[in-house]
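Trainee: One structure, pasted below without further comment.
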Amino acid sequence: MANEKPRKPRAKNTGATIARLWGYLKRQRASLISVFVFTILSSGLALVGPYFIGVAIDDYILPRDYGGLLRLCIILLTIYVISGLTSLLQSFLMAGVSQRTVWELRQDLFAHLQKLPVRFFDQTSHGELMSRTTNDIENVSATLSQNLTQMIMSSITVVGSLVMMLTLNVWLTLISLVSVPLVLFTTKQISRRTQKLFKEQQQRLGELNGLIEETISGQKVVKTFRREAASVQQLHVINQQMKKAGTSAQNLSGMMGPSMNMINHFSFILLAAIGGWMVLKGWTMVGVVVSFLNYSKQFSRPINDLANQYNMIQSGVAGAERVFEIMDTRTEEEAGSGSQELPAVKGEVVFQDVSFGYDKDAATLQGISFTAKPGDLIALVGPTGAGKTTIINLLTRFYDVDAGAIRIDGHDIRDLDKNSLRSQLGIVLQDVYLFSETVRENIRFGRLDATDAEVEAAARLANADGFIRKLPKGYDQMLTAEGGNLSQGQRQLLTIARAILADPAILILDEATSSVDTRTEMHIQEAMGILMQGRTSFVIAHRLSTIREASAILVIHGGQIVERGTHEELLARRGHYYELYASQFQQVV
């Protein structure tokens with residue numbers, strides 16, 4: 001997991017982000033049309049109410065027509081009941097639209113993550129990725145389900161109210177529009193600041209998740225080195241930053257409502273005063289003014305709501321930007337996967353003057369050249385950081401070479417489809433990883449179409465069958481996250497069984513026996529001897545006693561091959577290998 005400083009979020013085009021979200025929403029076209037129709041009905045019926053209230057005052061209350069007033073009240077009740085039911089239906093439909101949309105977004109994001117190169121995961125905090133796949137998508141979900149229909153309804157209400165106001169009295173309408181520029185100016189000023197703060201809040205949340213994930217995963221290390229207090233302090237700092245950003249965002253966001261209310265109250269008082277004066281002058285009727293005042297509230301309230309909703313949407317847009325930032329990262333295919341299928345492998349592997357650096361300014365490997373013939377066992381030895389694992393990373397195309405070429409049976413691996421290449425490789429890494437699945441399925445991960453009998457045969461070959469059958473449920477025993485209910489050695493045995501089951505043409509062992517005892521190691525070496533027969537194998541070994549029979553031993557130092565030969569040849573030279581061997585056995589050979 002990378003410990004680099006978190007990158008600050010890049011400014012994105014909000015309009016482009018919304019357009020991309022619309023690309024997901026429009027897949028629910030039929031449901032969206034239904035939502036839109038029900039929203040129009042609900043809002044339209046709600047707009048009729050104030051008009052009938054004015055009619056009631058002028059045509060029934062002032063003339064004291066009680067029968068007509070009762071009939072009109074029944075009509076009004078029917079209108080509001082239908083309006084409420086259509087509003088309920090559109091809310092129900094929109095919930096389904098938003099959840100299906102977010103489901104597709106989450107599926108696409110996770111599928112994209114599977115296509116990203118290893119370099120991306122090496123450089124990005126796992127907690128940050130978790131935050132983007134959970135918290136940020138939940139923000140998008142909340143925005144779609146809670147704010148989208150409200151924005152549609154508010155927009156319809158604003159337009160409808162304006163039309164009705166113009167119908168009732170043009171001059172009063174013009175006076176009511178005086179408040180609109182003030183609302184727009186206030187909204188722009190507040191939302192411009194809150195958008196930045198909401199994005200910062202999401203960034204801090206990602207950092208917080210990253211720290212929590214690292215601390216929980218490394219709890220034994222934290223306790224061993226008594227870093228509990230330091231971890232709490234580190235979280236306190238990030239938590240404070242998140243609180244500061246969140247408080248500022250919420251405070252600014254909270255200013256929107258009171259600001260809009262002040263402007264609306266001023267507009268309402270002005271309209272009431274002028275409307276009353278017009279009634280006294282005989283230029284209009286009381287019912288018209290009452291209807292107009294109701295419409296003015298319906299006109300100003302949605303503008304207020306739109307301002308608040310736009311402000312809240314900033315959080316959802318910030319989350320969507322962070323999700324799309326991941327989805328815009330180049331996949332392995334886009335970075336140049338190659339398209340050729342690798343035919344049945346004989347096993348010749350050639351490194352031709354290969355150079356590579358994780359950092360372009362610092363080379364990890366320089367001029368690496370060697371040939372492994374079919375069936376050869378190539379051992380890579382050398383001090384930590386010399387570049388042994390990097391050679392494996394290049395062979396598997398977790399990374400691509402900066403210079404030179406790697407060929408398998410004459411095929412430059414950069415021209416090969418990565419899936420085709422890796423299907424011919426069996427890899428047992430030093431860092432063991434098991435999934436929260438049964439023992440059987442963890443072994444079957446090496447070949448998904450394997451039968452139960454083949455899974456058990458692979459486990460026997462890896463000397464894992466004995467301890468597996470002693471588990472409460474045997475091969476059907478569920479493992480906790482990363483195989484936490486097994487010992488390190490047992491976890492390693494399962495990964496070796498997984499590689500055996502894959503039946504690869506080329507075998508790669510990155511210190512595969514580092515976590516097992518000497519007796520178990522002997523059994524594994526015997527099994528590996530059978531497995532490696534007829535296969536080209538690469539072994540990274542720190543225990544030099546395990547590679548005595550290697551076809552060739554490459555001594556890597558400072559990113560270069562400084563020695564090569566068999567075990568006996570290298571001992572006879574009394575060079576780097578001799579020193580490594582002597583240091584392990586503490587004797588002069």
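Trainee: Kindly establish whether residue 118 is under 30 Å from residue 392 (Cβ atoms) and out of contact with any strand residue (DSSP E or B) (no Cβ under 6 Å at 6 or more places or on another chain).
Mentor: On the way: under 30 Å from residue 392 (Cβ atoms): yes; out of contact with any strand residue (DSSP E or B) (no Cβ under 6 Å at 6 or more places or on another chain): yes.
So residue 118 passes the test.
Trainee: Pull out all pairs, ordered by first then second residue, where Cβ-Cβ is under 8 Å, the residues are six or more apart or on different chains, the first lies in segment 6-29 and is over 14 Å from residue 140 (Cβ atoms), and the second is open to solvent by 50 Å² or more (accessible area, probe 1.4 Å) and modelled with pLDDT under 85.
Mentor: 9/200
Trainee: Can you find, within segment 542-564, the residue that is surrounded by the most Cβ atoms within 10 Å (Cβ to Cβ) among those that are over 44 Å from the mean Cα position of the chain (by Cα) and within 16 Å of residue 368 (Cβ to Cβ)?
Mentor: Applying the filter and picking the extreme gives 563.
Trainee: How many residues are over 22 Å from residue 532 (Cβ atoms), open to solvent by 30 Å² or more (accessible area, probe 1.4 Å) and in contact (Cβ under 8 Å) with a residue 60 or more places away in the chain when one looks only at segment 380-397?
Mentor: The qualifying residues number 1.
Trainee: Would you check if there is a residue in segment 502-514 being modelled with pLDDT under 90, under 38 Å from the mean Cα position of the chain (by Cα) and surrounded by fewer than 16 Cβ atoms within 10 Å (Cβ to Cβ)?
Mentor: Checked segment 502-514: at least one residue is modelled with pLDDT under 90, under 38 Å from the mean Cα position of the chain (by Cα) and surrounded by fewer than 16 Cβ atoms within 10 Å (Cβ to Cβ).
Trainee: I'd like the full set of residues that are surrounded by 20 or more Cβ atoms within 10 Å (Cβ to Cβ) and either of a type in the set (Gly, Ala, Ser) or modelled with pLDDT of 85 or more (or both), limited to segment 103-133.
Mentor: Scanning segment 103-133 gives 105, 125, 127, 131.
Trainee: Please go through segment 428-462 and give me each residue that is farther than 24 Å from residue 522 by Cα, among the hydroxyl-bearing types (Ser, Thr, Tyr) and either in a helix (DSSP H, G or I) or under 25 Å from the mean Cα position of the chain (by Cα) (or both), ordered by number.
Mentor: If the condition is that a residue be farther than 24 Å from residue 522 by Cα, among the hydroxyl-bearing types (Ser, Thr, Tyr) and either in a helix (DSSP H, G or I) or under 25 Å from the mean Cα position of the chain (by Cα) (or both), then 436 is the only one that fits.
Trainee: Out of all the residues in segment 47-75, which are of a type in the set (Asp, Glu) and assigned to a helix (DSSP H, G or I)? First the steps, then the outcome.
Mentor: Taking segment 47-75 first, the residues of a type in the set (Asp, Glu) are 58-59, 65.
The answer is 58, 59.
Trainee: When the residues of segment 401-421 are filtered to those that are open to solvent by less than 50 Å² (accessible area, probe 1.4 Å) and part of a loop (DSSP other than H, G, I, E, B), which remaining residue is nearest to residue 369 (Cα to Cα)?
Mentor: Initial filter on segment 401-421 (open to solvent by less than 50 Å² (accessible area, probe 1.4 Å)): 401, 403-406, 408-409, 412-413, 416-418, 420-421.
Now drop any that are not part of a loop (DSSP other than H, G, I, E, B), which leaves 401, 409, 417.
Values: 401: 13, 409: 15, 417: 23 Å.
Residue satisfying both the conditions and the ranking: 401.
Trainee: Are there any pairs with C-beta distances below 9 angstrom linking a residue in segment 189-209 that is among the small types (Gly, Ala, Ser) to a residue that is open to solvent by less than 40 Å² (accessible area, probe 1.4 Å) and not in a helix (DSSP H, G or I), with the two at least 6 apart or on different chains, and if so which?
Mentor: The qualifying pairs are 206/125.
Trainee: Is it the case that segment 224-247 has a residue that's among the hydrophobic types (A, V, I, L, M, F, W, C), at pLDDT below 75 and in contact with a helix residue (DSSP H, G or I) (Cβ under 9 Å, 6 or more places away or on another chain)? Can you show your working first?
Mentor: Just the residues of segment 224-247 that are among the hydrophobic types (A, V, I, L, M, F, W, C), to begin with: 225, 229-230, 232, 235, 237-238, 242, 245.
If we keep only those that are at pLDDT below 75 as well, we get 225.
Filter once more, keeping what is in contact with a helix residue (DSSP H, G or I) (Cβ under 9 Å, 6 or more places away or on another chain): none.
Within segment 224-247 (the criterion being among the hydrophobic types (A, V, I, L, M, F, W, C), at pLDDT below 75 and in contact with a helix residue (DSSP H, G or I) (Cβ under 9 Å, 6 or more places away or on another chain)), the answer is no, since none of the residues qualifies.
Trainee: Would you confirm whether or not segment 320-335 contains a residue that is over 31 Å from the mean Cα position of the chain (by Cα) and open to solvent by less than 90 Å² (accessible area, probe 1.4 Å)?
Mentor: Filtering segment 320-335 for residues over 31 Å from the mean Cα position of the chain (by Cα) gives none.
No.
Trainee: Can you confirm whether residue 172 is within 21 Å of residue 250 (Cβ to Cβ) and either in contact with an Asp or Glu (Cβ under 6 Å, 6 or more places away or on another chain) or open to solvent by less than 50 Å² (accessible area, probe 1.4 Å) (or both)? Please lay out each step first, then the result.
Mentor: Values: within 21 Å of residue 250 (Cβ to Cβ): no; either in contact with an Asp or Glu (Cβ under 6 Å, 6 or more places away or on another chain) or open to solvent by less than 50 Å² (accessible area, probe 1.4 Å) (or both): yes.
It is false that residue 172 is within 21 Å of residue 250 (Cβ to Cβ) and either in contact with an Asp or Glu (Cβ under 6 Å, 6 or more places away or on another chain) or open to solvent by less than 50 Å² (accessible area, probe 1.4 Å) (or both).
Trainee: Related question: Give me the pairs, please: first residue somewhere in segment 119-136 and within 16 Å of residue 320 (Cβ to Cβ), second residue anywhere and crowded, with 16+ Cβ neighbours inside 10 Å and of a type in the set (Val, Ile, Thr), beta-carbon distance under 7 Å, and either six or more positions apart or on two chains.
Mentor: Partner pairs satisfying both residue conditions: 132/323; 132/326; 136/323.
Trainee: Taking segment 1-42 only, how many residues are among the hydroxyl-bearing types (Ser, Thr, Tyr) and at pLDDT below 80?
Mentor: At the first step, the residues of segment 1-42 found to be among the hydroxyl-bearing types (Ser, Thr, Tyr) are 14, 17, 24, 31, 34, 39, 42.
Within this subset, residues satisfying the condition of being at pLDDT below 80 are 14.
Residues that pass the stated criteria total 1.
Trainee: Return yes when residue 159 is within 43 Å of the chain's Cα centre (by Cα) and modelled with pLDDT under 75 and no when it is not. Quick ask: steps written out before the conclusion?
Mentor: Working: within 43 Å of the chain's Cα centre (by Cα): yes; modelled with pLDDT under 75: no.
Answer is no for this residue.
Trainee: Go over the candidates 86, 78 one by one and state the one that is in a helix (DSSP H, G or I) and touching a Leu at 6+ places or on another chain (Cβ under 6 Å). Write out each step before concluding.
Mentor: Values: 78 fails: touching a Leu at 6+ places or on another chain (Cβ under 6 Å).
Only one candidate passes the filter, namely 86.
Table: residues versus (1) open to solvent by 60 Å² or more (accessible area, probe 1.4 Å); (2) closer than 19 Å to residue 167 by Cβ.
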position	(1), (2)
42	no, no
57	no, yes
77	yes, no
82	yes, no
85	yes, no
88	yes, no
94	no, no
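Trainee: Can you pull out every residue in segment 62-76 that is at pLDDT below 80 and under 19 Å from residue 292 (Cα atoms)?
Mentor: Passing the criteria: only 62.
Trainee: Of the residues 133, 143, 149, only one is part of a helix (DSSP H, G or I), closer than 27 Å to residue 235 by Cβ and of a type outside the set (Asp, Glu); which? Write out each step before concluding.
Mentor: Details: 143 fails: closer than 27 Å to residue 235 by Cβ; 149 fails: closer than 27 Å to residue 235 by Cβ.
It is 133.
Trainee: Only residues that are closer than 24 Å to residue 119 by Cα, open to solvent by 30 Å² or more (accessible area, probe 1.4 Å), in a strand (DSSP E or B) and free of Cβ contacts under 8 Å to residues at least 60 places away in the same chain: list them for segment 351-379, please. Step through it out loud before you land on a result.
Mentor: Here is the first cut: in segment 351-379, the residues closer than 24 Å to residue 119 by Cα are 351-369.
In the following step, the residues that additionally are open to solvent by 30 Å² or more (accessible area, probe 1.4 Å) were identified as 352-353, 355, 358-364, 366-367, 369.
After this cut, where a residue has to be in a strand (DSSP E or B) as well, the list is 352-353, 355, 359, 362, 366-367, 369.
The answer is 352, 353, 355, 359, 362.
The values are calculated or read from the model by the stated rules, or taken from the named source; none is laboratory data. Since we're looking at a predicted model, the values are computed, not measured. No Cβ is skipped: glycine too gets one built from the backbone with ideal geometry, and neighbour counts run over all protein chains shown. Accessible surface is based on the protein model in full, side chains and every heavy atom, while ligands, DNA and RNA are left aside. Shrake-Rupley method; radii C 1.70, N 1.55, O 1.52, S 1.80 Å.
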